[in-house]
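Since the structure comes first, as structure tokens, the remarks are kept for the end.
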Amino acid sequence: MTCSVVFCDQMEIWTLVNMKLGIAQVMISAKKSEQELKDEELFTKYYMEWKGGKKSDNVSYANIPRFYYRLPAEDEVLLQKLREESRAVFLQRKSRELLDNEELQNLWFLLDKHQTSPMIGEEAMINYENFLKVGEKAGPKCKQFFTAKIFAKLLHNDPYGRISIMQFFNYVMRKVWLHQTRIGLSLYDVAGQGYLRESDLENYILELIPTLPQLDGLEKSFYSFYVCTAVRKFFFFLDPLRTGKIKIQDILACSFLDDLLELRDEELSKESQETNWFSAPSALRVYGQYLNLDKDHNGMLSKEELSRYGTGTLTNIFLDRVFQECLTYDGEMDYKTYLDFVLALENRKEPAALQYIFKLLDIENKGHLNVFSLNYFFRAIQEQMKIHGQEPVSFQDVKDEIFDMVKPKDPYKISLQDLINSSQGDTVTSILIDLNGFWTYENREVLVASDSDSAADSDET
């Protein structure tokens, strides 16, 4: 009897528990449904705001400036004309903001009038107080130059806290020249995107020729070859990815434009002309070499004709790679491709030249040179040594010397960056592609000793 009562009590308890559990589950599901409804409502609200179905209450959204302006298409002639005219007006306004010759002379007069004693040798100095006075009198165009930042930049070790008047004036002149040149180059920027295409730069240099006294002797029939020669240097060094365009900013930052405009100097020395790629003697030298190599006079160079370049000691394997990788026409090289070749070989210390040669040496297109690549090219050097009656040098020795010079990150392969970082890229490439270059490296100690003896002899005389 007792057991049955207990059993009945347990059954009632379980029934109550189950009822409570059922009620709880219903309440939980009801709450869950309410939460889901809220989530859906919020999702719909934000989605509609994102899609524009409902305007946001955030006022700042209405003030976002326009950041993209579509360039006019080729058939939108009116829009293109409008854009060209607006750019011309903008550049004219910028040009008027620059100091002219009269204003520069006035600036120099004011600086000289307010110089601060004592002078350092023959160099006039000015302190910050007088510097500010000149800034007030020089006019609004000069205001940008009379700042504490520029004064501090030009301040060196003067015990009185002054700067050189000449250094400051040269700084102003340089800034004005840069802005003038930027505006001048921008006039040739047909696309209006801050860069020049090859044809744009050609037009700029062609119209610049009559303003350069050092080019007065050039015949007009040679102008096209001169322009091609000049433009190639800009594009070889400033367009390493061969995109066909150069940023105006990069043109201004490099020294090439300075070299080109140096030809305005009527008294430029013969030595300066010979080392300046843009001078008439240099351009005629390069073009003359091209004509001398062109034995069949068809205006192009074959591999056999190019093999006589320089000292005629470039290896056949290297020349094969030149004609495999570079642009040719029916297996022959034109003048423009020849210019790239010359610029690379004459400037082997420069990263752009090393990139050109490295691409030719990287026969497996893996982005690095391994022992196989080095051996492939050095075998041609060994063969040339045999032809000239010399005992071939062991590749193992040369390979070790190359890796010792370059010190690559990976001890088994050399990357382009390794070559550039080592500052030995010119030596390494010469060893691999040119018998004369290898001979010079191999006999470097003898050559240094003979140079020292020659210097000693000249001192004695």
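The values are calculated or read from the model by the stated rules, or taken from the named source; none is laboratory data. Please read these numbers as outputs of a predicted model, since none were measured by experiment. For neighbour counting, all protein chains shown are included, and Cβ atoms are generated from backbone atoms with ideal geometry for every residue, glycine included. To get the accessible areas, we keep the full protein, side chains included, count just its heavy atoms, and leave off ligands, DNA and RNA. Shrake-Rupley method; radii C 1.70, N 1.55, O 1.52, S 1.80 Å.
Look at segment 363-390 and say how many of its residues are within 19 Å of SER422 (Cβ to Cβ) and either assigned to a helix (DSSP H, G or I) or in contact with a Ser or Thr (Cβ under 7 Å, 6 or more places away or on another chain) (or both).
So the count comes out to 7.
Go over the candidates VAL342, VAL286 one by one and state the one that is touching a residue at least 24 places away in the same chain (Cβ under 8 Å) and out of contact with any Ser or Thr (no Cβ under 9 Å at 6 or more places or on another chain). Let's see the steps before the verdict.
Values: VAL286 fails: out of contact with any Ser or Thr (no Cβ under 9 Å at 6 or more places or on another chain).
Sole residue among the options that is touching a residue at least 24 places away in the same chain (Cβ under 8 Å) and out of contact with any Ser or Thr (no Cβ under 9 Å at 6 or more places or on another chain): VAL342.
Return yes or no: is LEU263 surrounded by fewer than 19 Cβ atoms within 10 Å (Cβ to Cβ), of a type outside the set (Asp, Glu) and not in a strand (DSSP E or B)?
Working: surrounded by fewer than 19 Cβ atoms within 10 Å (Cβ to Cβ): no; of a type outside the set (Asp, Glu): yes; not in a strand (DSSP E or B): yes.
No: the conditions fail for LEU263.
Do we find a residue being open to solvent by less than 20 Å² (accessible area, probe 1.4 Å) and over 26 Å from VAL231 (Cα atoms) anywhere in segment 174-194?
no
What about LEU154, is it open to solvent by less than 50 Å² (accessible area, probe 1.4 Å), of a type in the set (A, V, I, L, M) and over 20 Å from the mean Cα position of the chain (by Cα)? Talk me through it step by step, then tell me what you get.
Details: open to solvent by less than 50 Å² (accessible area, probe 1.4 Å): yes; of a type in the set (A, V, I, L, M): yes; over 20 Å from the mean Cα position of the chain (by Cα): yes.
It is true that LEU154 is open to solvent by less than 50 Å² (accessible area, probe 1.4 Å), of a type in the set (A, V, I, L, M) and over 20 Å from the mean Cα position of the chain (by Cα).
Quick one: what pairs do we get from segment 202-219, first residue closer than 11 Å to ARG264 by Cβ, second open to solvent by 70 Å² or more (accessible area, probe 1.4 Å), C-beta under 6 Å, 6+ apart or different chains?
LEU212/ARG264; PRO213/GLU266
Using beta carbons and a limit of 7 Å, which pairs, at least six apart or on different chains, have the first residue in segment 294-312 and open to solvent by 40 Å² or more (accessible area, probe 1.4 Å) and the second one polar (S, T, N, Q) and in a helix (DSSP H, G or I)?
THR311/ASN436
Working carefully through the options ILE363, ILE387, ILE357, ILE381, find the one that is of a type in the set (A, V, I, L, M), open to solvent by 10 Å² or more (accessible area, probe 1.4 Å), in contact (Cβ under 8 Å) with a residue 12 or more places away in the chain and closer than 28 Å to ARG308 by Cβ. Full working, then the answer.
On the way: ILE387 fails: in contact (Cβ under 8 Å) with a residue 12 or more places away in the chain; ILE357 fails: open to solvent by 10 Å² or more (accessible area, probe 1.4 Å); ILE381 fails: open to solvent by 10 Å² or more (accessible area, probe 1.4 Å).
It is ILE363.
For LEU91, are the conditions met, namely being surrounded by 13 or more Cβ atoms within 10 Å (Cβ to Cβ), touching a residue at least 12 places away in the same chain (Cβ under 8 Å) and not small (Gly, Ala, Ser)? Quick ask: steps written out before the conclusion?
Values: surrounded by 13 or more Cβ atoms within 10 Å (Cβ to Cβ): yes; touching a residue at least 12 places away in the same chain (Cβ under 8 Å): yes; not small (Gly, Ala, Ser): yes.
Against the criterion (surrounded by 13 or more Cβ atoms within 10 Å (Cβ to Cβ), touching a residue at least 12 places away in the same chain (Cβ under 8 Å) and not small (Gly, Ala, Ser)), LEU91 qualifies.
Mind checking whether some residue in segment 136-152 is β-branched (Val, Ile, Thr), in a loop (DSSP other than H, G, I, E, B) and over 30 Å from ILE251 (Cα atoms)? If you could, list the steps in order and put the result at the bottom.
To start, the set of residues in segment 136-152 that are β-branched (Val, Ile, Thr) comprises 147, 150.
Remaining after also requiring in a loop (DSSP other than H, G, I, E, B): 147.
This time we only want the ones that are over 30 Å from ILE251 (Cα atoms), so: none.
Checked against the condition, which is being β-branched (Val, Ile, Thr), in a loop (DSSP other than H, G, I, E, B) and over 30 Å from ILE251 (Cα atoms), segment 136-152 yields no hits at all.
Report, by residue number, each residue of segment 136-149 that is surrounded by fewer than 18 Cβ atoms within 10 Å (Cβ to Cβ) and of a type in the set (Gly, Ala, Ser).
GLY139, ALA148
Please find, within segment 239-253, the residue that is nearest to TYR287 (Cα to Cα) out of those that are in a helix (DSSP H, G or I) and open to solvent by less than 40 Å² (accessible area, probe 1.4 Å).
Filtering segment 239-253 for residues in a helix (DSSP H, G or I) gives 248-253.
Adding the requirement that they be open to solvent by less than 40 Å² (accessible area, probe 1.4 Å) leaves 248, 251-252.
Details: ILE248: 27, ILE251: 24, LEU252: 27 Å.
Going through the qualifying residues, I end up with ILE251.
Quick one: count up the residues across segment 177-224 that are part of a loop (DSSP other than H, G, I, E, B) and among the hydroxyl-bearing types (Ser, Thr, Tyr).
First pass over segment 177-224, keeping only residues part of a loop (DSSP other than H, G, I, E, B): 187-194, 212, 216-219.
Now restrict to residues that are among the hydroxyl-bearing types (Ser, Thr, Tyr): 188.
The number of residues fulfilling the criteria is 1.
Inside segment 436-455, can you point out the residues that are at pLDDT 90 or above and either within 32 Å of the chain's Cα centre (by Cα) or not in a helix (DSSP H, G or I) (or both)? Lay out the reasoning, then the answer.
At the first step, the residues of segment 436-455 found to be at pLDDT 90 or above are 436-441.
Once the filter is applied, which keeps residues that are at pLDDT 90 or above and either within 32 Å of the chain's Cα centre (by Cα) or not in a helix (DSSP H, G or I) (or both), segment 436-455 yields ASN436, GLY437, PHE438, THR440, TYR441.
Could you tell me whether VAL393 is outside any helix (DSSP H, G or I), touching a residue at least 24 places away in the same chain (Cβ under 8 Å) and either over 30 Å from the mean Cα position of the chain (by Cα) or surrounded by 13 or more Cβ atoms within 10 Å (Cβ to Cβ) (or both)? Spell out how you get there, then give the answer.
Details: outside any helix (DSSP H, G or I): yes; touching a residue at least 24 places away in the same chain (Cβ under 8 Å): yes; either over 30 Å from the mean Cα position of the chain (by Cα) or surrounded by 13 or more Cβ atoms within 10 Å (Cβ to Cβ) (or both): yes.
Considered against the rule, which asks whether it is outside any helix (DSSP H, G or I), touching a residue at least 24 places away in the same chain (Cβ under 8 Å) and either over 30 Å from the mean Cα position of the chain (by Cα) or surrounded by 13 or more Cβ atoms within 10 Å (Cβ to Cβ) (or both), VAL393 comes out as yes.
Failed condition for LYS349, given (1) loosely packed, with under 15 Cβ neighbours inside 10 Å; (2) out of contact with any Asp or Glu (no Cβ under 6 Å at 6 or more places or on another chain); (3) touching a residue at least 60 places away in the same chain (Cβ under 8 Å), with all others met?
All conditions pass for LYS349, except number (2).
With (1) part of a loop (DSSP other than H, G, I, E, B); (2) crowded, with 17+ Cβ neighbours inside 10 Å as the list, and ARG321 as the residue in question, which single condition is left unmet?
With (1) part of a loop (DSSP other than H, G, I, E, B); (2) crowded, with 17+ Cβ neighbours inside 10 Å applied to ARG321, the lone miss is (1).
State yes or no: is ASN127 farther than 30 Å from TYR188 by Cβ, polar (S, T, N, Q) and without any contact (Cβ under 8 Å) to a residue 40 or more places away in the chain?
Values: farther than 30 Å from TYR188 by Cβ: yes; polar (S, T, N, Q): yes; without any contact (Cβ under 8 Å) to a residue 40 or more places away in the chain: yes.
Judged against the criteria, ASN127 is a match.
Does TYR223 meet the test of being modelled with pLDDT of 95 or more and in contact with a helix residue (DSSP H, G or I) (Cβ under 8 Å, 6 or more places away or on another chain)?
Values: modelled with pLDDT of 95 or more: yes; in contact with a helix residue (DSSP H, G or I) (Cβ under 8 Å, 6 or more places away or on another chain): yes.
Considered against the rule, which asks whether it is modelled with pLDDT of 95 or more and in contact with a helix residue (DSSP H, G or I) (Cβ under 8 Å, 6 or more places away or on another chain), TYR223 comes out as yes.
Answer yes or no as to whether ASP158 is within 30 Å of GLU262 (Cα to Cα), touching a residue at least 12 places away in the same chain (Cβ under 8 Å) and of a type in the set (D, E, K, R). Break it down into steps so the answer makes sense when it comes.
On the way: within 30 Å of GLU262 (Cα to Cα): no; touching a residue at least 12 places away in the same chain (Cβ under 8 Å): yes; of a type in the set (D, E, K, R): yes.
Judged against the criteria, ASP158 is not a match.
Which one is modelled with the highest pLDDT among residues in segment 267-291 that are of a type in the set (D, E, K, R) and surrounded by 11 or more Cβ atoms within 10 Å (Cβ to Cβ)? Write out each step before concluding.
First, pick out the residues of segment 267-291 that are of a type in the set (D, E, K, R): 267, 270-271, 274, 285.
Filter once more, so that each one left must be surrounded by 11 or more Cβ atoms within 10 Å (Cβ to Cβ): 274, 285.
Numbers: GLU274: 92, ARG285: 96.
Among residues in segment 267-291 that are of a type in the set (D, E, K, R) and surrounded by 11 or more Cβ atoms within 10 Å (Cβ to Cβ), the one modelled with the highest pLDDT is ARG285.
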